[in-house]
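The values are calculated or read from the model by the stated rules, or taken from the named source; none is laboratory data. In this text the structure is predicted, and so the values were computed from the model without any measurement. Every residue, glycine among them, receives a Cβ derived from its backbone with ideal geometry; neighbour counts consider all protein chains shown.
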Amino acid sequence: MLTSPSTFRMTLLTCLVVAVTVLTSCGDEAHPSSAIAQVPKRKIGPAAHLLATDKMPTAGADWTGVDTTDADEVLGPCHLTSLVDIGALSAARRTWSSSASSPKAVQVVAKFADNKSAWRAHQVLDSWQADCAGRVDGTVGDRRAVEVATGSAEAYRVAQGDRATDLGIVRKGEYLSVVSFTSPASSDPAPTKAALKRIAATF
């Protein structure tokens, strides 16, 4: 059966209308680049994992000052060098202080080239703790695992006279963060564990 020219044109026009309607209804599926462009970029870099100024747990006194810098210095009595010195590509540091000399809290976040580099740096920190008793005048506690939502974390205490320093370490992927609390020796180490949980939640 032959189809007349007018019928053929009508059929072709109908097909075109249907095709345009389908493409239009696809929206972002027809244009995946548009959907990608609408996704907000995730914050990256060490500073993105520093606790907010009001999120560091207190250690017996309210924090009265907070300072943020990209300087990476030695943190804690057992550490021998900065994280940059053992391979970190970049680092960020935030310090919380009180009206007295203690308590004081410091958090450093460092980014390494890859997961393995961060793991190796973590091993270095553990080795410093392992031989710390022979280098400092004080009592070095054992490293104890801290349960966190993501990554791995641990903490230990160094008691020197009437003052104690609680060190916490949390590692996730290529990131490694160290938090230090300096407070009276009679203080509870709980703030360090709470800080590690909050830091891990940023990853």
Do you know which residues across the stretch 22-70 are of a type in the set (A, V, I, L, M), modelled with pLDDT of 80 or more and surrounded by 12 or more Cβ atoms within 10 Å (Cβ to Cβ)?
-> Ala47, Ala48, Leu50, Leu51, Met56, Val66
Scope the stretch 43-80; condition polar (S, T, N, Q) and either assigned to a loop (DSSP other than H, G, I, E, B) or in contact with a Phe, Trp or Tyr (Cβ under 8 Å, 6 or more places away or on another chain) (or both); matching residues = Thr53, Thr58, Thr64
Got a sec? Which of Asp142, Asp188 is in a loop (DSSP other than H, G, I, E, B), modelled with pLDDT of 95 or more, in the same structural domain as Gly65 (by TED's automatic domain parsing) and over 22 Å from Leu50 (Cα atoms)?
-> Asp142
Search the stretch 97-121 for residues that are at pLDDT 95 or above and pair each with any residue that is small (Gly, Ala, Ser) and in a helix (DSSP H, G or I) when their beta-carbon atoms are under 9 Å apart and the residues are at least 6 apart or on different chains.
-> Gln107/Ala195; Val109/Ala47; Val109/Ala48; Ala110/Ala118; Ala110/Ala121; Lys111/Ala118; Phe112/Ala118; Phe112/Ala121
Answer with yes or no whether Ser177 is closer than 21 Å to Ala88 by Cβ, among the hydroxyl-bearing types (Ser, Thr, Tyr) and in contact with a Ser or Thr (Cβ under 9 Å, 6 or more places away or on another chain).
-> yes
